[in-house]
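Asks: This structure is in structure tokens; I'll ask about it shortly.
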Amino acid sequence: MNQNVTQSLQKKIHRQVLDNGMTVIAVENPAADIISARIFIKAGSRCEPREKAGLSHLVSAVMTKGTDRLSSLEIAEQVESVGASLSTDATPDYYLLSLKTVSADFAPMLQLCHDLLRYPSFPDAEVELEQRLTLQGIRSGLEQPFTIAYDQMRQAMYPDHPYACSILGREETVATLTRADLEAFHRSFFRPDRIVVSLAGRIAPFAATQLIQEVFGPWEAPTTAVHDPQFPPLTSHPRQMLVPQDTQQSIIMVGHLTNSVRGKDPQNPDPSDYAALKLLNTYLGNGLSSRLFVELREIRGLAYDVSAFYPTRLDPGPFVVYMGTAPENTSIAFNCLRSELERLCTTPLSPEELQAAKNKLLGQYALGKQTNAQIAQVFGWYEILGLGIEFDTRFNEEISAISAPIAQEVACRYFKTEPFVSLVGPEAFISQV
């Protein structure tokens, strides 16, 4: 999908806020007789108290297991009888219900989504089952060196913030969660004025909006306001964390805190640094042609696995480079990762490097909007983040406008400070770093 196709797609977008505060985004795409919907709720793990970490995940896991009039089996039969797909998920910044169905079945499936969101029953047996499965998932992660390394880095970066732990939560918090906790969380955050319904497929935008109005319109928002949680400025100090483990390789992570996707002022979103950081992340660690892969794995032979990641976050997000290497190479591998970040501050990207990174990033971004599900995801995601659907065009424009000096300036803004370092591996080697 090139830039012209993207702009053409945007002209077909209809956005409307219903009387109850719910936002509807509809994109007509008649290529196939399919409608995909993404229903976003401002209710991710950043909304849960630290002593109840894992609550939003448990809500999502149990949400489809019963309503005030349907059992788990009846819900499954209703979805599967028409060949539809329906799933729920919780992320750090939002909750998501995903639906895909043929056009003829969209109306009854949308009604089912309404019932799940508005009248979940949270059966005790299902809560207990998902609780046990979540605890198993947490314990399984404790056996994975990468998970251990990232967990301890997050805890250092976010000492008083929900981003400190994974979406699953912690053993000690998940074990104490109750059905009453799920009901209270649902009662607080699941309300129409915190919901974005984004859909794409073979349906006219007016008809889609009218149908959503018919299904969700009677759901009135409570008169009491619910405000997004406010967190004090992060005051964590970069440090080095070690977890000695008798493993076959060392995991090395080097990370820095960056700004929110919306910039420093959420009331006036300015995500220009975000675009540049996405470009630097692509250059460093995206794919087999990335700088880290070519330099540290192919040329120097240091890495079993090497990459970078920069997840999009409402609050300051982490920019992390990591490597899995033979234990005896731990010290030199760490120095190489530090050097690659420092190089971004001292050496501008060449015209060829800059253009290659832009082509890769924009190409992958375009390929991520091919299906109805992807289209619904992108526009609903931008809306729930507070960036607006216009950010789809703005992101492309900002990436295209990045020059080598701008990329270097942004790198210096975030990577010149002392980094967070997380190491997992044999003690004799990680203690030498």
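Asks: Search the range 122-136 for residues being open to solvent by less than 30 Å² (accessible area, probe 1.4 Å) and of a type outside the set (Phe, Trp, Tyr), and hand back the single one that is nearest to Gly83 (Cα to Cα).
Replies: Only one residue tops the list, namely Glu130.
Asks: What single numbered condition from (1) of a type outside the set (Asp, Glu); (2) in contact with a Ser or Thr (Cβ under 6 Å, 6 or more places away or on another chain); (3) at positive phi fails to hold for Gly386?
Replies: That leaves (2) as the condition not met.
Asks: Go through Asp89, Asp93 for me and flag whichever is open to solvent by 60 Å² or more (accessible area, probe 1.4 Å), closer than 30 Å to Thr312 by Cα and not in a helix (DSSP H, G or I).
Replies: Asp89
Asks: Can you confirm whether the range 283-299 contains a residue that is acidic (Asp, Glu), under 17 Å from Tyr150 (Cα atoms) and touching a helix residue (DSSP H, G or I) at 6+ places or on another chain (Cβ under 9 Å)?
Replies: Looking through the range 283-299, none of the residues is acidic (Asp, Glu), under 17 Å from Tyr150 (Cα atoms) and touching a helix residue (DSSP H, G or I) at 6+ places or on another chain (Cβ under 9 Å).
Asks: Let me ask something else. Yes or no: Ala43 closer than 19 Å to Phe379 by Cα and surrounded by fewer than 19 Cβ atoms within 10 Å (Cβ to Cβ)?
Replies: no
Asks: Right, next: Among the numbered conditions (1) open to solvent by less than 40 Å² (accessible area, probe 1.4 Å); (2) more than 22 Å from Leu168 (Cβ to Cβ), tell me where Val62 comes up short.
Replies: (2)
Asks: Could you tell me whether any residue of the range 326-333 is touching a Gly at 6+ places or on another chain (Cβ under 7 Å) and buried (at least 16 other Cβ atoms within 10 Å of the Cβ)?
Replies: Yes, because at least one residue in the range 326-333 is touching a Gly at 6+ places or on another chain (Cβ under 7 Å) and buried (at least 16 other Cβ atoms within 10 Å of the Cβ).
To keep it simple, each residue is scored yes or no on (1) under 22 Å from Pro222 (Cα atoms); (2) at pLDDT 95 or above; (3) in a helix (DSSP H, G or I); (4) among the polar types (S, T, N, Q).
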residue: Ile138; (1), (2), (3), (4): no, yes, yes, no
residue: Phe146; (1), (2), (3), (4): no, yes, yes, no
residue: Pro159; (1), (2), (3), (4): no, no, no, no
residue: Asp193; (1), (2), (3), (4): yes, yes, yes, no
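Asks: Among the numbered criteria (1) touching a Pro at 6+ places or on another chain (Cβ under 9 Å); (2) buried (at least 18 other Cβ atoms within 10 Å of the Cβ); (3) not in a helix (DSSP H, G or I), which one does Asp246 miss?
Replies: (2)
The values are calculated or read from the model by the stated rules, or taken from the named source; none is laboratory data. Every value quoted in this text rests on a predicted model; they were computed, and no experiment measured them. Don't worry about glycine lacking a Cβ; one is built from the backbone with ideal geometry, like all the others, and counts go over all protein chains shown. Side chains included, ligands, DNA and RNA excluded: accessible areas come from the protein's heavy atoms. Shrake-Rupley method; radii C 1.70, N 1.55, O 1.52, S 1.80 Å.
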